[in-house]
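Worksheet: one structure, shown below.
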Amino acid sequence: MSDNDTKSNQNWEKDTINDLLFASVKEQRRTRRWNLAFRLFIVIYLISIFVAFEFDNKNAAAELKEHTALIEVSGVIAADSEASADNIVSALRKAFKNEKAAGVILRINSPGGSPVQSGYINDEIVRLRAKYPEKPLYAVIVDICASGGYYIAAAADSIYADKASLVGSIGVIMNGFGFTEAMEKIGVERRLLTAGEHKGFLDPFSPINQEEVVHTKEMLANIHKQFIDVVKNGRGDRLADDEKLFSGYIWSGEKSLELGLIDGLGSSSYVAREVIGEEKLIDYTVKPSFADRFAERLGASMGNAAVKVLGLQDLQLR
């Protein structure tokens, strides 16, 4: 073996040993970082539990003093949303039951949603107001209170809004699309099998059937009448004598005041301070617990941190 071959072998052995040592040191560093990150996660998690416990205790203590109960109705009103009937009704019952709550404010910022969910909430407001006649409930509109949102607001003692709030949309809507001509152009045949003559009514891939259109309009008119009756029962003589009120139009808060859709201009703070007489607002809105929200955010943050600690940020599937 020549001297060059010997030196080459020695260099290879040295490089291999260096690589192994470097890999070992790198792995040790990575392990230490991961252990540190894991311990940090445990500490933060324990702190979050403690903070959540203190936060709940603070709210519980606040509810023992005179205050105004606040319940948010935010977003689309649906069974699977934060503005579901279950959530809103639970909050309402708790607020009305608490003798220290001088009044209740429903702060509404919703474009509407399910007439069923809205109806459940309206019915419960009517029931609670009858059971606790000494406790007022006011609706305060933020940006928008349309359709199902106004269905709920109509049950309040009084409704307040900002002059630029959007109010109304007292109507019912069902929409869709028709694709029959497009199907003919591209040569697609619709094969719809049903048990029941009208089981597939309003199918977007079948020609429109006027008998089914009439039936659907009658159904929508029936639900619309229910909506109108709820508004009239809630608002009474305060409503202006104008059939456009129930046409589906939406108005500004300023115009709504003229039409009798609302009773005054003001925010939730104004109503608590000037109308109810208890400026302190306590939020009764049913939301994910502080610990759950914190853990969700913490989980995402720790996941990102773990990726960086373990050096996985550049890992890709190709």
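The values are calculated or read from the model by the stated rules, or taken from the named source; none is laboratory data. In this text, all values refer to a predicted model and were calculated from it rather than measured experimentally. Counting neighbours? That spans all protein chains shown, and the Cβs are built from the backbone with ideal geometry, glycine included.
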Filtered residue count, the range 97-123, keeping only those that are under 20 Å from I228 (Cβ atoms) and assigned to a helix (DSSP H, G or I): 9
Condition met for A195 (aliphatic (A, V, I, L, M), closer than 30 Å to A102 by Cα and either in contact (Cβ under 8 Å) with a residue 12 or more places away in the chain or assigned by TED's automatic domain parsing to the domain that holds V76 (or both)): no
Return yes or no: is I108 touching a Gly at 6+ places or on another chain (Cβ under 6 Å), buried (at least 18 other Cβ atoms within 10 Å of the Cβ), among the β-branched types (V, I, T) and closer than 22 Å to D80 by Cβ? yes
Failed item in (1) assigned to a helix (DSSP H, G or I); (2) touching a Lys or Arg at 6+ places or on another chain (Cβ under 9 Å); (3) closer than 23 Å to S110 by Cβ, with M183 passing the rest: (3)
Could you please find all residues in the range 174-196 being among the hydroxyl-bearing types (S, T, Y) and closer than 11 Å to S206 by Cα? T180
Could you please find all residues in the range 271-299 being modelled with pLDDT under 55 and among the small types (G, A, S)? A291, A295, G299
Among the candidates Y120, Y150, Y132, single out the residue that is crowded, with 20+ Cβ neighbours inside 10 Å, aromatic (F, W, Y) and either assigned by TED's automatic domain parsing to the domain that holds Q226 or touching a Leu at 6+ places or on another chain (Cβ under 8 Å) (or both). Y150
Can you work out which of the residues in the range 172-198 that are of a type outside the set (V, I, T) and touching a Leu at 6+ places or on another chain (Cβ under 9 Å) is farthest from A85 (Cα to Cα)? G176
Residues of the range 172-208 being at positive phi and surrounded by 11 or more Cβ atoms within 10 Å (Cβ to Cβ), which ones? L202
Could you go through the range 250-270 and let me know if any residue there is under 26 Å from the mean Cα position of the chain (by Cα), β-branched (V, I, T), modelled with pLDDT of 95 or more and under 30 Å from K97 (Cα atoms). yes
Scan the range 124-153 for residues that are within 15 Å of L166 (Cβ to Cβ) and in a strand (DSSP E or B) and jot them down. A139, V140, I141, V142, D143, I144, C145, A146
Confirm whether F227 is touching a Ser or Thr at 6+ places or on another chain (Cβ under 9 Å), crowded, with 16+ Cβ neighbours inside 10 Å, assigned to a helix (DSSP H, G or I) and assigned by TED's automatic domain parsing to the domain that holds A182. yes
Taking the condition of being part of a loop (DSSP other than H, G, I, E, B), surrounded by fewer than 15 Cβ atoms within 10 Å (Cβ to Cβ) and acidic (D, E), how many residues in the range 230-268 meet it? 2
